[in-house]
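The values are calculated or read from the model by the stated rules, or taken from the named source; none is laboratory data. Keep in mind that what you see is a predicted model, and the values were worked out from it rather than measured. For neighbour counting, all protein chains shown are included, and Cβ atoms are generated from backbone atoms with ideal geometry for every residue, glycine included. Note: accessible area is taken over every heavy atom of the protein model, side chains too, but ligands, DNA and RNA are not part of it. Shrake-Rupley method; radii C 1.70, N 1.55, O 1.52, S 1.80 Å.
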Amino acid sequence: MPRCNNCGNTVNFSSSLIPPPVPEACGPPTGLYANFDDEGFISTMEATGADLDTAQLAYENPRRYFDTCGLCGSRDLTW
């Protein structure tokens, strides 16, 4: 299960590997977000900047893709 060492978040994470679909000043910083359940599995995923193949790879390999806390933006995570 991912855990942010900065704020303690264990639910919402994003990927620095996937750029947002449209760069905007106030838009999302990434094109791939996921929420994790209590057992560390992805419960929901939003892939606005990733194609289906990349989204499937992220689902199968979350440690490789989800490297940023969705709450505070820290990349200091523990899996």
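Whenever you get a sec, compute what percent of the accessible area on region 3-78 sits on carbon and sulfur atoms (1.4 Å probe). Spell out each step's value before the answer.
Values: 2320 of 4690 Å².
Whole-percent figure for carbon plus sulfur exposure: 50.
Of all GluC sites (Glu not before Pro) in the chain, which ones are in loop regions per DSSP and have a Cβ with at most 11 other Cβ atoms within 10 Å?
Working: sites: E24, E39, E46, E60; in loops: E24, E39.
For GluC sites (Glu not before Pro) across the chain that sit outside H, G, I, E and B with at most 11 neighbouring Cβ atoms in 10 Å, the list reads E24, E39.
Quick one: accessible area per residue over the chain, 1.4 Å probe, rounded to a whole number of Å²? Working shown, then result.
Details: 4860 Å² over 79 residues.
Heavy-atom SASA per residue in the chain reads 62 Å².
How high is the relative contact order of region 3-78, in percent, with contacts defined as C-alpha pairs under 8 Å that are six or more residues apart? Present the calculation step by step, with values, prior to reporting the outcome.
Numbers: 134 pairs, mean separation 29.4, N = 76.
Worked out over region 3-78, it gives 39 percent.
For the pair S16 and C72, how long in nm is the line joining their label points, each one 7 Å along Cα→Cβ?
Once both label points are built, they end up 1.5 nm from each other.
Where the Cα atoms of region 3-78 are projected onto their three principal axes, how long is each span, largest first, in whole Å?
30, 27, 17
From largest accessible area down, sort S43, S16, S74; use a 1.4 Å probe on the protein chains. Intermediate values should be presented prior to the final figure.
Details: S43 70, S16 50, S74 25 Å².
Reading off the accessible areas and sorting them downward yields S43, S16, S74.
I'd like the Karplus ³J(HN,Hα) series for region 33-50: coefficients 6.51, -1.76, 1.60, θ = phi - 60°, whole numbers in Hz, and an x wherever there's a Gly or Pro.
Karplus-based 3J(HN,Hα) across region 33-50 equals 10, 8, 10, 10, 8, 5, 9, x, 9, 5, 9, 9, 9, 10, 10, 8, x, 10 Hz.
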